[in-house]
Every structure is written in structure tokens, then in C-alpha cells.
DNA sequence: ACCACAGTATGGTCTGACCATATGGCAGGC
DNA sequence: GCCTGCCATATGGTCAGACCATACTGTGGT
């Protein structure tokens, strides 16, 4: 008996295709908006079946790297895009549904992100017009679902104001994946809740005044109240 | 001319299959380790072609929800898993390579996460044996690649010690996706860098002593030094 | 100029076949 | 009785070809 043998790597065809496409994207310096060769052409070039090419493209589409559409124009076919958000949303939703993750872990992660984002936004003296718009829309909302729409916009605007796009992407995905829980929370508190309104205003004012510590504190208290958890 | 028409939603067959499979998983209360029907059986039940079923399963596999393997046993076929990490790693790597995200944004996000995780680990008085093991392995490393392996283990152990699995998943994915940059940074600083060693020890000791503030500070200084950025 | 229609390139889907792999079970030898 | 080796079978992996739906492109008629 010799030593440990490395397990035989069985590489599926579509994985090889995936690597070749990725390699080609990097080598050719393709950018968002550029178009990949057609499925039939790729299959012929790589000497594989069209279905293998399709599965590779499906993976890239799932990861938000390409977007496919039929037709004939220059925008048809597989076009390079950059939509990490949709993939991340599906990722969280599925792994939340399959009991792999607890809701409390996602909420805690959101708290971490939003404290950071609010602090950074305050430190940067970020523009608060997007926040004010969302606040006004929340005031006008007639039901919980509509309220939550603008609540998500409010909190994502804070994440965007951090100046870090990855933070914004993660925040949007988290909010989209826990949307039903947010609606339930708002229905429990009441759509016109004065306390909710005051907490949002407090966060907005802290950012506008450039007080990073106050912004972080306001976010913590808002989330603790909304989801009924201790810090 | 009437008002705005909602665009016709062209739902591709495999997306419908995807929804049905997800619905079935939830309704049947399937858990990790359970097996889905075979591709041919699913195709017949849903009255679609096998290729549509395959594309749906490919999406689920990409998102780390199922794992497919051939053969005949009870573990063959599409089995439910929970590996959000691989999907997240691919997601970050591709969107980093395709110029959608800047490295600095990922590093900043890592700083946010690791400050949080170290603080929480210290507050929880987490066990530091995994950290000590990684430290010893780093001391014994002979080259930068080997060093980075254990460096990743060290920092992921901190994330795990936060008690939040999502934090651990995100940390692993970030570290895996920026591994080449970490190797370059270690080569620049030197594998046997005393300063690197001291910074790691400082983080470990702060967590062991339960000093959350000191742990966060130590993490910040470590990352600022490693990646040569200002806080 | 403009418009209508045929041509065509493209993704989306289905079918059937075959290959590769891994298990289950049976037959034969010890 | 037990082990060994081979065959049957179930499953994913791949390919080829066909057809459909879609959306642009060019052409010819008005």
C-alpha cells in the first residue's frame, strides 16, 4: 500500500468549456456589453456539443456574468454583464429556505453591514437626497408591502452612500432575500408607526450631520427595535 | 393608446422547472442529503425535455444547492447539499476579473467583516485553539503559498468564532477569491516577517483575553499594514 | 422615402442515441 | 459458506440533429 493517492479528477466537458470561455474573456479583454460568439460557433471552435456550451453559459448567466437573448441584432446572443446581485439574492434565498442558514444570522450580518455603511456615509458627508425621497415615499405608503419597498430603497441608499459597491450589492441581496420577514415585521409595528418614522429620521440626520458614531448607534437601535433582538 | 403595458414575461422552460423543483423541495420538506428524482423521471413528470431539467439542475448546482454524481447507488443522482461558499467564491472571482469590482472594495469589506468577527469572538471568549494551530503552521511554512494557506485558516477561524456561519462563509469566499493578491502581499512582506507574526499574535491574544475593542483595533492595523492602506 | 415581407442568425427546446460510471446481484470457484 | 469476478442496470454526461420563436436585415414594391 503506497501513500495517499490524489482522487482522479473527473472534469466534465462543460466545466472545461467554462474555463475556456473565462480565459477568453480575460485574454481578449472583453468588457461589459461585449458579445460572446454564438453557441454553435463556440461548440465548433471547442469541438464539443452545443449542449455543453449551453450548460457553461447557463452557469455564467446564473452568476450574473452574461445575459442571453435570442434574435439577430448585435445585442443578441450572450452579452457580458455584471449583475452579482441577482446571483447573491438567489444564493441567500435558497440556502435560507433549505435550513442551512438561520434568519438571525442574516439579520446580524445586515446589522454589521449597515452600521459600517452608515458610519462611512456620515464620515463622507454623503448626499442624503435619496434618503429623503425614500422617507417621503414611506410616509405615503398605504400598505406594508409598499412601505417595505421604500424601506429597502432607504437602507440600500445608505449602503450605496458608503462608496463601496460590494456593500451595496450585499445589502440589496440581503433585503431581497428576507423581504417577506420585513413585511411581517412592518405589519406587526404598523405602517404608520411614529417610532419607525423617528428612527429613520434619526439615521438620516446623523448621516447628514456627519456624526458617524451617532449614525451607527441609530442603525443599531432601529434594527434591534424592528426585529425585536438585543444587541 | 392605453397606458403602460407590462412587458411580456418570456419565461424559459428551465426557469419554470427550477421553480417547480424549488417548490417541491420546500413542500416535501427535503433536507440536506436527500435525493431528487432522476433527470429522466423529472422530465416525464413535468412534461418537458431532459435538457430543460438538466439546465435547471445546473443552476442549482452552481448555487451550491445540489450536487450531481453518476452511478446507481442511493447517493447517486442530484443530492441536496448546502455549499454557498463555492458559489460565492466564483461570484466574487468572476466579477473581480471582469472589472465590475475593485480589489479595494473587497479588502474594505473584509476589514469590516473581520473587525466585527474579532470583536464578537472576543466578547464570546471563543476558543483559540484553532488560531494557535494556524499560527504554528504559519511559523513552519516554507513559501508564501503555504503561508497564505494557513493565514486563510487563521482568519477564517476568527470568522467562525463569531458564531455566525454566514460571516464564516463570506470570509472564506473573499479569501479564496483574492488568494493571488494575498500571496503577492506576503511575498512583499517576507514569509518570516516578524511584524506579521506579531500582528497575528496580537489579534489572537486580544480574542483570548476577551478584549473586543483591542481585537478590532489589532485587525485594523494588521490589514492596513498588509495591504498598505490608510484607515 | 416608406413600408411590407421574405431571409437569416440567434437562443430555446425536444428527441433519441450513445458513453461513462457506480452499484447490485448472480454465478462460479475456493 | 464465503469470496471473487463478471454482467445487468440505473444514473448522469455528451452529442447530433431537428424544429420553433424571435428579432434584425435587406430587398422590392408603392
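The values are calculated or read from the model by the stated rules, or taken from the named source; none is laboratory data. Source: prediction; values computed, not measured. Because the Cβ atoms are built from the backbone with ideal geometry, glycine has one as well, and the counts that use them run over all protein chains shown.
For the range B:29-58, give me each residue that is in contact with a helix residue (DSSP H, G or I) (Cβ under 9 Å, 6 or more places away or on another chain), part of a loop (DSSP other than H, G, I, E, B) and within 11 Å of DNA strand C (Cβ to nearest atom). If the condition is that a residue be in contact with a helix residue (DSSP H, G or I) (Cβ under 9 Å, 6 or more places away or on another chain), part of a loop (DSSP other than H, G, I, E, B) and within 11 Å of DNA strand C (Cβ to nearest atom), then B:48, B:49 are the ones that fit. Given the criteria modelled with pLDDT of 95 or more and away from DNA strand D (no atom under 13 Å from the Cβ), does residue B:87 qualify? No. Checked against the criterion of being over 30 Å from residue B:60 (Cβ atoms) and in a helix (DSSP H, G or I), the candidates A:167, A:158, A:113 yield just one match: A:158.
All of A:51, A:68 fail the test of being under 24 Å from the mean Cα position of the chain (by Cα), surrounded by fewer than 18 Cβ atoms within 10 Å (Cβ to Cβ) and either under 25 Å from residue A:91 (Cα atoms) or away from DNA strand D (no atom under 15 Å from the Cβ) (or both), apart from A:68. Test residue A:128 against the stated conditions and say whether it is under 25 Å from residue B:96 (Cα atoms), surrounded by 17 or more Cβ atoms within 10 Å (Cβ to Cβ), more than 7 Å from every other protein chain (Cβ to nearest Cβ) and touching a residue at least 60 places away in the same chain (Cβ under 8 Å). Criteria not met by residue A:128. When the residues of the range A:87-105 are filtered to those that are free of Cβ contacts under 8 Å to residues at least 40 places away in the same chain and buried (at least 17 other Cβ atoms within 10 Å of the Cβ), the one that is farthest from DNA strand C (Cβ to nearest atom) is A:105. Within the range B:59-82, one or more residues are within 16 Å of DNA strand C (Cβ to nearest atom), at the interface with chain A (Cβ under 9 Å from one of its Cβ atoms), closer than 30 Å to residue B:161 by Cα and part of a helix (DSSP H, G or I). Residues of the range B:100-123 that are facing chain A (nearest Cβ under 7 Å) and over 14 Å from the mean Cα position of the chain (by Cα): B:100, B:101, B:105, B:108, B:112, B:116.
Residue B:120 passes every criterion in (1) buried (at least 23 other Cβ atoms within 10 Å of the Cβ); (2) in contact with a helix residue (DSSP H, G or I) (Cβ under 7 Å, 6 or more places away or on another chain); (3) modelled with pLDDT of 95 or more apart from (2).
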